1. Considering only the stretch 58-79, I want to know if a residue exists there that is open to solvent by 10 Å² or more (accessible area, probe 1.4 Å), more than 18 Å from Pro123 (Cβ to Cβ), aromatic (Phe, Trp, Tyr) and in contact with a Phe, Trp or Tyr (Cβ under 7 Å, 6 or more places away or on another chain).
2. Does Asp32 satisfy being in contact with a strand residue (DSSP E or B) (Cβ under 9 Å, 6 or more places away or on another chain), acidic (Asp, Glu) and farther than 14 Å from Leu10 by Cβ?
3. Step by step: first the residues of the stretch 88-119, then only those that are open to solvent by 70 Å² or more (accessible area, probe 1.4 Å) and within 19 Å of Lys41 (Cα to Cα), then the one that is modelled with the lowest pLDDT. Which residue is that?
4. Kindly establish whether Lys75 is of a type in the set (Lys, Arg), over 21 Å from Pro103 (Cβ atoms) and modelled with pLDDT of 95 or more.
5. Taking the stretch 87-123 on its own, how many of its residues are touching a residue at least 60 places away in the same chain (Cβ under 8 Å) and assigned to a loop (DSSP other than H, G, I, E, B)?
6. Would you confirm whether any residue within the stretch 77-86 is among the aromatic types (Phe, Trp, Tyr) and outside any strand (DSSP E or B)?
7. If you scan the stretch 1-12, which residues turn out to be assigned to a strand (DSSP E or B), of a type outside the set (S, T, N, Q) and exposed (fewer than 15 other Cβ atoms within 10 Å of the Cβ)?
8. Would you check which residues across the stretch 29-47 are buried (at least 18 other Cβ atoms within 10 Å of the Cβ) and either without any contact (Cβ under 8 Å) to a residue 60 or more places away in the chain or over 12 Å from the mean Cα position of the chain (by Cα) (or both) and list them?
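The values are calculated or read from the model by the stated rules, or taken from the named source; none is laboratory data. The structure presented is a predicted model; accordingly, all values stated were derived computationally and were not measured. With ideal geometry, Cβ positions are generated from the backbone for all residues, glycine too; neighbour counts draw on all protein chains shown. What goes into the accessible areas is simple: the full protein's heavy atoms, side chains included, and nothing from ligands, DNA or RNA. Shrake-Rupley method; radii C 1.70, N 1.55, O 1.52, S 1.80 Å.
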Amino acid sequence: YLRSLGDLKLDNVNLTASDLIRLEALMSLSVDSATFSAGIKDIQMTATTIDLSNVDFPSSSVVNLSTLKGGVDGKYPTFGSPNRAIGRVNFINNVSYGGKANPLHDRASFDALGQAIQISKLP
């Protein structure tokens, strides 16, 4: 469990746990080049804005991402740096689920591969 009362930036990290990994930031949470342990069951990220790059969520995990405004159309992150939005979950570059061969780069790929990823609005 990592928490920041401001911004939290993680670059080139290996996050290992058996059950739960929770990352929280009051403002911005930025994760770039993170590796998660293969058997992790639950990944939770909460912040005003979440920016993800070079992240592969393990296929065994349920991922909960909560931001100020929640998902675009109630479900989706933004895709690509030009579409980055404050208060949203932003898949900036190379985000995948269950292996790098399963990229999440648009709504169609998110619908097909991202069923275990939930994006919600902060209460």
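1. Yes: the stretch 58-79 contains one or more residues that are open to solvent by 10 Å² or more (accessible area, probe 1.4 Å), more than 18 Å from Pro123 (Cβ to Cβ), aromatic (Phe, Trp, Tyr) and in contact with a Phe, Trp or Tyr (Cβ under 7 Å, 6 or more places away or on another chain).
2. No: the conditions fail for Asp32.
3. Among residues in the stretch 88-119 that are open to solvent by 70 Å² or more (accessible area, probe 1.4 Å) and within 19 Å of Lys41 (Cα to Cα), the one modelled with the lowest pLDDT is Lys100.
4. Judged against the criteria, Lys75 is not a match.
5. 1
6. no
7. Leu2, Arg3, Lys9, Asp11
8. Leu29, Ser30, Val31, Ala34, Phe36, Ile40, Ile43, Met45, Ala47 - these are the residues of the stretch 29-47 that are buried (at least 18 other Cβ atoms within 10 Å of the Cβ) and either without any contact (Cβ under 8 Å) to a residue 60 or more places away in the chain or over 12 Å from the mean Cα position of the chain (by Cα) (or both).
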